[in-house]
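Chemist: One structure is given below, represented as structure tokens, and several questions about it will come after.
The values are calculated or read from the model by the stated rules, or taken from the named source; none is laboratory data. Keep in mind the model is a prediction, meaning the values are calculated, not measured. Neighbour counts are summed over all protein chains in view; Cβ atoms, including those assigned to glycine, are modelled from backbone coordinates with ideal geometry.
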Protein chains: 2
Amino acid sequence: MERDLRQRLLTVAEDLFARRGYTETRVREITSRAGCNLAAVNYHFGGKRNLYLAVIEERWVPRALRIREEFVRNLHRSPSGPEGVVEALFRAFFQSPFTERESWRHRRLLAQELAQPTEALEIMLSRGLRPLLETIRESLQDRLPPGVPERRVRLTVFSLLGQTLYFHLARPMIQNFLGESPPEDELLRHVKDFALRGLKGLTG
Amino acid sequence: MERDLRQRLLTVAEDLFARRGYTETRVREITSRAGCNLAAVNYHFGGKRNLYLAVIEERWVPRALRIREEFVRNLHRSPSGPEGVVEALFRAFFQSPFTERESWRHRRLLAQELAQPTEALEIMLSRGLRPLLETIRESLQDRLPPGVPERRVRLTVFSLLGQTLYFHLARPMIQNFLGESPPEDELLRHVKDFALRGLKGLTG
DNA sequence: AGAGCTACCAAACAATTGTTTGAAACGCAA
DNA sequence: TTGCGTTTCAAACAATTGTTTGGTAGCTCT
């Protein structure tokens, strides 16, 4: 546990927001888990809503930016050609420097905002996801023969990211359809292959 | 508007549940929009939660089953070979017999349950989506050379459905990344192509 | 030591929200 | 018409929940 109560509140709050969603999360539960008084949330953040936004700004966005950094780092070590981009992207997402629970919270918060957008989504997209998408697009365009229209690259990047997101978002569905929890790397390999073939549409 | 108050409540409730989510929807708003008394929800359904489950059972599931029927119908008119399956699937989803708003509600309710699963998701999956997935799988396997392992087909079907779902779920993201609302059919064509290429992994 | 500031707390507050209650209105058969 | 079950209603209820209030402990600087 962090010593600083403010940081502790952010940590506990993110966990609960990710687990139960914004409205189903009670300020009382946050504060009791953080071992402090009910009024602390209002003192440090000025209300439940602002606490939520602070979680997005101070925890979610930095993490999204770190994923992008990780992607760039992977890019140097990955095979050349456009396939290397997919490789680097999947590594950044699935062998990220975060714990499994942390990644889970990260995806969960995004999924909730996609299902029910609020002003927080705007922050996530413009400050976190867009930079990642642009970086992917640039590195992909660099590895592509010249003349491929930017718009097509953009659409493909969007689908690539879609593969990694959907893989997580629809986890409960996979389980229902494939029966018992399938091995992680079998799924991962399949989704990556699927994405790689989709990429082929750009090169011909 | 339906004459029957019970049906009217289901209609209004589905719309609000889809727009605001379960907890953010107020029983008072449902009843006032349905033009009846607050107590009607408890009289006809026995509580807010049961009204929500009734919406899933009596509106969402039947619609999911109709999409499957539409898929089967399309299958006869679509080109032979595995590509025809993708064709039929996309038509069932995007040229469905429902209004745009109805499709929107349908997807929204699913997205919310995926982002925050409750017992309702279990109903949606087992009674609505699984039948569709199984039907797709069977028709795909029929059009595939024998010997392709069922598990691989299953994974591919899952990804195909993923393309159609993601296309909708992530709509706010597309807008942010592509700038101004892109033409519907451009997106549709791209996603379908992406899915078609992914399918190639099974045939060769 | 004492003023002043920050961090924290217990308790009260005000508003919202799902549910219940008891009665009125309605439809229909006897 | 009378009686009775069903449907609808206005009002009250009970519980929850975010926020505010007023005060206390701890710290620093003079």
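Chemist: Being more than 7 Å from chain B (Cβ to nearest Cβ) and among the basic types (K, R) is the filter here; which residues of region A:172-204 pass it?
Modeler: Residues satisfying the conditions are A:R189, A:K192.
Chemist: Filter region A:30-47 down to the residues that are closer than 24 Å to A:T118 by Cβ and out of contact with any helix residue (DSSP H, G or I) (no Cβ under 6 Å at 6 or more places or on another chain), then identify the one that is nearest to DNA strand C (Cβ to nearest atom).
Modeler: A:Y43
Chemist: Restricting the first residue to region A:36-52 and requiring it to be more than 16 Å from A:T11 (Cβ to Cβ), which pairs with a second residue that is near DNA strand C (Cβ under 8 Å from one of its atoms) meet a Cβ separation below 6 Å and a spacing of at least six or different chains?
Modeler: Final answer for the pair search is A:L38/A:T31.
Chemist: Please state which of the following conditions A:L169 fails to meet, knowing it meets all the rest: (1) closer than 30 Å to B:S126 by Cβ; (2) surrounded by 14 or more Cβ atoms within 10 Å (Cβ to Cβ); (3) more than 10 Å from chain B (Cβ to nearest Cβ).
Modeler: Evaluating A:L169 over (1) closer than 30 Å to B:S126 by Cβ; (2) surrounded by 14 or more Cβ atoms within 10 Å (Cβ to Cβ); (3) more than 10 Å from chain B (Cβ to nearest Cβ) leaves (3) as the failure.
Chemist: Restrict the check to region B:88-95 and report whether at least one residue is away from every other protein chain (no Cβ under 14 Å) and basic (K, R).
Modeler: yes
Chemist: Restricting the first residue to region B:4-20 and requiring it to be under 11 Å from B:H44 (Cβ atoms), which pairs with a second residue that is at pLDDT below 95 meet a Cβ separation below 8 Å and a spacing of at least six or different chains?
Modeler: Short answer, once both residue conditions are applied: B:R8/B:M1; B:R8/B:E2.
Chemist: For A:P145, work out the one condition from (1) within 11 Å of chain B (Cβ to nearest Cβ); (2) not aromatic (F, W, Y); (3) not in a helix (DSSP H, G or I) it doesn't fulfil.
Modeler: Failed condition: (1).
Chemist: Looking at this structure, is B:I174 of a type in the set (V, I, T), surrounded by fewer than 20 Cβ atoms within 10 Å (Cβ to Cβ) and modelled with pLDDT under 95?
Modeler: Against the criterion (of a type in the set (V, I, T), surrounded by fewer than 20 Cβ atoms within 10 Å (Cβ to Cβ) and modelled with pLDDT under 95), B:I174 qualifies.
Chemist: Of these, A:E100, A:E2, which one is within 14 Å of DNA strand C (Cβ to nearest atom) and modelled with pLDDT under 95?
Modeler: Result: A:E2 is the single residue among A:E100, A:E2 that is within 14 Å of DNA strand C (Cβ to nearest atom) and modelled with pLDDT under 95.
Chemist: Looking at region A:141-148, can you tell me whether even one residue there is within 24 Å of A:I56 (Cα to Cα), at pLDDT 90 or above and of a type outside the set (A, V, I, L, M)?
Modeler: no
Chemist: Also, I was wondering about something else. Name the residue, out of A:A13, A:A54, A:A39, that is surrounded by fewer than 20 Cβ atoms within 10 Å (Cβ to Cβ), within 25 Å of the chain's Cα centre (by Cα) and small (G, A, S).
Modeler: None of the other options fit; the residue is A:A54.
Chemist: Here's something else I'd like to know. Identify, from the list B:P62, B:P79, the residue that is away from DNA strand C (no atom under 15 Å from the Cβ), loosely packed, with under 14 Cβ neighbours inside 10 Å and modelled with pLDDT of 95 or more.
Modeler: Result of the check over B:P62, B:P79: B:P62.
Chemist: Would you please name the residue that is nearest to DNA strand D (Cβ to nearest atom), looking only at residues in region B:5-56 that are of a type in the set (V, I, T) and within 14 Å of chain A (Cβ to nearest Cβ)?
Modeler: B:T23
Chemist: Within region A:13-29, can you find the residues that are more than 13 Å from DNA strand C (Cβ to nearest atom) and either part of a helix (DSSP H, G or I) or among the basic types (K, R) (or both)?
Modeler: A:A13, A:E14, A:D15, A:L16, A:F17, A:A18, A:R19, A:R20, A:E29
Chemist: Quick check on region A:142-166: of everything there that is among the hydrophobic types (A, V, I, L, M, F, W, C) and more than 30 Å from A:Q112 (Cα to Cα), which residue is surrounded by the fewest Cβ atoms within 10 Å (Cβ to Cβ)?
Modeler: A:V148
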